[in-house]
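Participant: What follows is a structure written as structure tokens; I'll ask about it next.
The values are calculated or read from the model by the stated rules, or taken from the named source; none is laboratory data. In this text the structure is predicted, and so the values were computed from the model without any measurement. Counting neighbours? That spans all protein chains shown, and the Cβs are built from the backbone with ideal geometry, glycine included. When the accessible area is computed, the model is the full protein with side chains, heavy atoms only, and any ligands, DNA or RNA have been set aside. Shrake-Rupley method; radii C 1.70, N 1.55, O 1.52, S 1.80 Å.
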Amino acid sequence: MNLRALICLLVLSDFANAADSIATRYQTSCTTCHGTDVYTSTKRRITSFDALERQVKRCTLALSLRWSNDEVHDVSTYLNQRFYHFPR
């Protein structure tokens with residue numbers, strides 16, 4: 001295997017690990033309080049990506065999680081891609 005191919009595999013592996021980490025963070029934190037019905041309800045209160053990010057931040061504070069702003073943003077992006085589909 002040449003060096004370029006090895007580097008590409010390592011980079012792709014890092015991206016996959018990061019995505020798994022975000023999904024795991026969501027599964028272990030968000031779903032402890034509620035199911036996916038919060039995201040899919042026609043009566044949901046979140047109407048923009050900014051509002052979603054603020055809500056994720058409120059949840060982390062309520063649960064005394066010590067997430068960085070990047071982690072809040074990553075989980076918000078994950079939720080947006082999976083459920084909300086807000087323009088950014």
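Participant: Accessible area per residue of the range 21-88 at 1.4 Å probe, in Å²?
Facilitator: On a per-residue basis, the range 21-88 sits at 67 Å².
Participant: Distance in nm between label sites at Thr47 and Gln81, each 7 Å beyond Cα in the beta-carbon direction?
Facilitator: Between Thr47 and Gln81, the label points sit 2.7 nm apart.
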